[in-house]
């Protein structure tokens, strides 16, 4: 048996070595990808140009969004003469990662704030922010969100803020009027209490940083300092905010969407498992499934430090491997123009990222003005590399906030953030 | 684990060895032989052997996800990736959590599924059973379905307003929000008798980023639902193996034991079970190997939630690479898992080995035979 | 007689003091009550095993509200095929089904061919290094699939078949366990017929194709069943082998459904309908071949 084993190992090893060497040869042929550190500087005039068709990959929130983007891109295609194809990803993060690793990413794609750092770092992205014709039209805070390493990487495609959505029917049923719309934490708590009856909880929202962070902002706290260099998770303000949420989770006037059997706040709101919810612009599209519910959008109440909310945005990422980056730039300018963004907003809800569209949007959407007003005091989510993992961990701990210790949770988040930010 | 896999046996010399004749009918046989096995070698080598080597390289390198991992810009970084998941920080805690979850999963699934499949096999093998085929089919059917389909079904069954909770409510209880409940079962049991936090020695000392108290938290309620699902889907496969083995158990010994007055439990434990040892070994090995690789169910269903209590090393390996772009870390996790599986298999083999009969027994047997008078 | 002595000896040796006095016992477990207990237990277990699938089909025909309000019942109050409509008309489900079908058929045919070739070669043909090859096959069976997730993706990339039907089918074309099964089978059939054919002058491949293969029908059917099941239910390979939506298979597609595509919210009738339809082909195959499936494992244990 021993001879057998030795022969086996030898033969297997030999086979393996031969194959690996062959593949190395193939590998060299494939590695005409640019040096990772090189193309990240995004100097103007270095965009590729060709006649190749473009692939646009989006992470769609539903049929409305997919159709809207497809229509827009088709219109541009007809105009510019460059073919473009829109692909709605089933799992955008996974497909992007695979595309980059395989060297065949889509030319243009949705890029979220937490993915920017990672892809910018490994050279997958082409920075083009400074090349945009309309770059001064974007909101300052959005540009900051997509600036990494002092380079403005990609054009913000839209944004949303969180505000308070109230079920008008249940509101009047509880005997509340417009004067009762809460403007402080205490008022919010008392209103939630009045609205908690039977199967309905007063305020239902997702049990994650992306919602609870609004309370943290209202208390004056944030996870990472505005310039992104210091971790501030364990501030007293944050502890106060989590304490407030915990108190009302315990007395049953607040609840997490998952705990009432809904997938997210919007579903809980639509099924009237919650009388109020904290959500962003996208809720308008989702509530189409629940036509009997009448939503009223108002600004979130002010906390101890005043008004605060969170702001979410995605940008149009451009692949460094794209053979026709000039075409992509053209497409992006078209898609981020005021008229096009207003059309998108009408189709599936988010707010235009360009200031020139603000007034028109307010006129078109008088019921949703609160969302746009929120941009004045909204906080962005942390964009440092690795911060997304910390937030995932934070969310995992927030899941048991009801029985947990806010200080301990925030301390652990602080530790994790320091490893990432410092 | 949807099909009964044959156990990995050690290679033996082929039984049908015949003296080879030169020329004549045997000419060209060597060529044909190599030709016939070449597709197998090529495909297995390329898609099973080489990937393992490539992953080994990636786990020792700093490849960031772009271009070829064998290109010249990729550097050898030694054990850095392995260090990042064992020496501290969020990555280590995630790895520790994943290991803990999977360890509890293995601890509960393997004994449960072995016992249940053996029990079902014994039930179905009873001589006086009618409609044996129907019952066998019923028990085996879940093993045929895809893990994705079963996970979707399970998500519905154990949803907050689903059939399981409705059934519990019918009996007057209140079911938990199964897939959203992150409390560990051991912690919950301890809490029900009043112990809500552990002694300092457990809470203050950590291993892989988790305190020992957290290691002992038990599977979460969500994980428990997945454990039930695993037992549901694999008990049928192993039941078949046990049925086949039971049919090989000669009836004479059992009959003799019956005549000597051994009751059913004694008969089972002392006569049947020892003869099932090889099958038991197979079932436990296959169970271990399968359980340490839980991935499909997590990917389809819970994705690590709630609160990372259904995160497993296989899924963590996948997310580290494909979501977080940490390919080296993902490969490192995969290899550590590989080592764990090998270790468990070897350990289990050692535990279940055929031990030599002890001298006391031999002596007792000999004297008994002598006393009774040796049978002719 | 020796048997009784043996048994006595065993019980004596194990615990000399505990041999109970012989009692008159019936063969079956306590007679009629034992029978009833047995049947009750086994029927209850069978119910536990069957009920989930029944409720799955029933729920797929319910409306969403009813699925949430009355989950246990097996008869929908309002029979609705909305879920199936949505599935077939408003989603890519037919495409997923077609992709799965194509891949499964190709893989099954390929596997049957290559695996029986290799099994025959390892069992009957003498060539240098046969032992090594067999050791390789057995060794490969021991590698857990989780280790292969990332690296298979890398290799598919390097070779250039990533995101194509080739990439989906090629790695699945050979299965080490299948080679093992075929080799064992070929070793168990007598060589007389082959010898005769060779003496009559047939070449190796001819002997294999026309003589041995037809004799191998039982084992081939086993391979067909295992391959069909394996490739139809495969998930992780398709995750790493493809990224385009056009190449999505049923497993990947239904997995994405489960995580909430096709709109937010918990749409149980839709998801359960998808899972049910996905299960039908393997279920049909199972019911047709169940005798064989049941008997194979016996062979696996004996052989």
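The values are calculated or read from the model by the stated rules, or taken from the named source; none is laboratory data. Since the structure is predicted, the reported quantities are computational estimates derived from the model, not experimental observations. Glycine also receives a Cβ, built like all others from the backbone with ideal geometry; neighbour counts cover every protein chain displayed.
Among helices (runs of 4 or more DSSP H) entirely within the stretch A:131-199, having at least 2 residues that are modelled with pLDDT of 90 or more singles out A:168-173, A:185-195. Among the residues of the stretch B:120-138, is any more than 14 Å from chain C (Cβ to nearest Cβ) and touching a helix residue (DSSP H, G or I) at 6+ places or on another chain (Cβ under 8 Å)? No, there is no match, as no residue in the stretch B:120-138 is more than 14 Å from chain C (Cβ to nearest Cβ) and touching a helix residue (DSSP H, G or I) at 6+ places or on another chain (Cβ under 8 Å). Candidates are the residues of the stretch C:154-184 that are crowded, with 23+ Cβ neighbours inside 10 Å and more than 7 Å from every other protein chain (Cβ to nearest Cβ); the one that is farthest from residue C:107 (Cα to Cα) is C:183. If you filter the stretch A:171-184 down to residues that are touching a helix residue (DSSP H, G or I) at 6+ places or on another chain (Cβ under 7 Å) and surrounded by fewer than 20 Cβ atoms within 10 Å (Cβ to Cβ), you find that the one that is farthest from residue A:294 (Cα to Cα) is A:180. The helices (runs of 4 or more DSSP H) falling completely within the stretch A:274-372 that include 1 or more residues that are more than 22 Å from residue A:86 (Cβ to Cβ) and over 21 Å from the mean Cα position of the chain (by Cα) map to A:358-364. Checked against the criteria, residue B:241 does not count as surrounded by fewer than 20 Cβ atoms within 10 Å (Cβ to Cβ) and at pLDDT 85 or above. The set of residues from the stretch B:263-288 being within 16 Å of residue B:104 (Cα to Cα) and surrounded by fewer than 21 Cβ atoms within 10 Å (Cβ to Cβ) comprises just one member, B:288.
For the criterion of being over 20 Å from the mean Cα position of the chain (by Cα), surrounded by fewer than 24 Cβ atoms within 10 Å (Cβ to Cβ), outside any helix (DSSP H, G or I) and more than 8 Å from chain C (Cβ to nearest Cβ), residue B:67 fails.
Going by the conditions given, is residue C:115 surrounded by fewer than 19 Cβ atoms within 10 Å (Cβ to Cβ), more than 7 Å from chain B (Cβ to nearest Cβ) and touching a residue at least 24 places away in the same chain (Cβ under 8 Å)? No, not satisfied.
Is it true that residue C:84 is crowded, with 16+ Cβ neighbours inside 10 Å and not in a helix (DSSP H, G or I)? Spelling it out, it is not the case that residue C:84 is crowded, with 16+ Cβ neighbours inside 10 Å and not in a helix (DSSP H, G or I). Which of the residues belonging to the stretch A:197-208 are surrounded by fewer than 22 Cβ atoms within 10 Å (Cβ to Cβ) and either at negative phi or in contact (Cβ under 8 Å) with a residue 12 or more places away in the chain (or both)? Of everything in the stretch A:197-208, those that are surrounded by fewer than 22 Cβ atoms within 10 Å (Cβ to Cβ) and either at negative phi or in contact (Cβ under 8 Å) with a residue 12 or more places away in the chain (or both) turn out to be A:197, A:199, A:200, A:208. Criterion first (assigned to a helix (DSSP H, G or I) and more than 14 Å from chain C (Cβ to nearest Cβ)) does residue A:52 satisfy it? Criteria not met by residue A:52.
Confirm whether residue A:368 is modelled with pLDDT of 90 or more and touching a helix residue (DSSP H, G or I) at 6+ places or on another chain (Cβ under 8 Å). For residue A:368, the condition - modelled with pLDDT of 90 or more and touching a helix residue (DSSP H, G or I) at 6+ places or on another chain (Cβ under 8 Å) - is not met. Number of residues in the stretch B:304-321 that are modelled with pLDDT of 85 or more, more than 16 Å from residue C:145 (Cβ to Cβ) and either in contact with a helix residue (DSSP H, G or I) (Cβ under 6 Å, 6 or more places away or on another chain) or part of a loop (DSSP other than H, G, I, E, B) (or both) equals 5.
Scanning the stretch A:112-151 for residues that are within 14 Å of chain B (Cβ to nearest Cβ) and over 24 Å from residue B:73 (Cβ atoms) returns A:112, A:114. The requirement of being over 22 Å from the mean Cα position of the chain (by Cα) and part of a helix (DSSP H, G or I) is fulfilled nowhere in the stretch A:203-223; no residue meets it. Set side by side, the residues B:299, B:251 differ, and just one is without any contact (Cβ under 8 Å) to a residue 60 or more places away in the chain and crowded, with 23+ Cβ neighbours inside 10 Å, which is B:299.
When the stretch C:233-257 is examined, which residues are found to be facing chain B (nearest Cβ under 7 Å) and crowded, with 23+ Cβ neighbours inside 10 Å? Those that are facing chain B (nearest Cβ under 7 Å) and crowded, with 23+ Cβ neighbours inside 10 Å: C:233, C:251, C:254, C:255.
Every listed requirement among (1) closer than 29 Å to residue B:33 by Cα; (2) out of contact with any helix residue (DSSP H, G or I) (no Cβ under 6 Å at 6 or more places or on another chain); (3) modelled with pLDDT of 90 or more is met by residue C:112 save one, (2).
Scan the stretch A:394-411 for residues that are part of a helix (DSSP H, G or I) and within 14 Å of residue A:242 (Cα to Cα) and the total you get is 10.
Which condition number does residue A:274 fail, the rest of (1) over 17 Å from residue A:349 (Cα atoms); (2) in contact with a helix residue (DSSP H, G or I) (Cβ under 7 Å, 6 or more places away or on another chain); (3) within 11 Å of another protein chain (Cβ to nearest Cβ) being met? Every condition holds for residue A:274 apart from (3).
Might you let me know whether the stretch B:177-200 holds any residue that is without any contact (Cβ under 8 Å) to a residue 40 or more places away in the chain, surrounded by 24 or more Cβ atoms within 10 Å (Cβ to Cβ) and within 30 Å of residue A:268 (Cα to Cα)? No, the stretch B:177-200 contains no residue that is without any contact (Cβ under 8 Å) to a residue 40 or more places away in the chain, surrounded by 24 or more Cβ atoms within 10 Å (Cβ to Cβ) and within 30 Å of residue A:268 (Cα to Cα). Scanning the stretch A:234-268 for residues that are under 28 Å from residue B:302 (Cα atoms), over 20 Å from the mean Cα position of the chain (by Cα) and part of a loop (DSSP other than H, G, I, E, B) returns A:252, A:253, A:261, A:262.
Meeting the requirement of 3 or more residues that are more than 18 Å from the chain's Cα centre (by Cα) and closer than 19 Å to residue C:186 by Cβ, the helices (runs of 4 or more DSSP H) wholly within the stretch C:102-171 are C:130-141.
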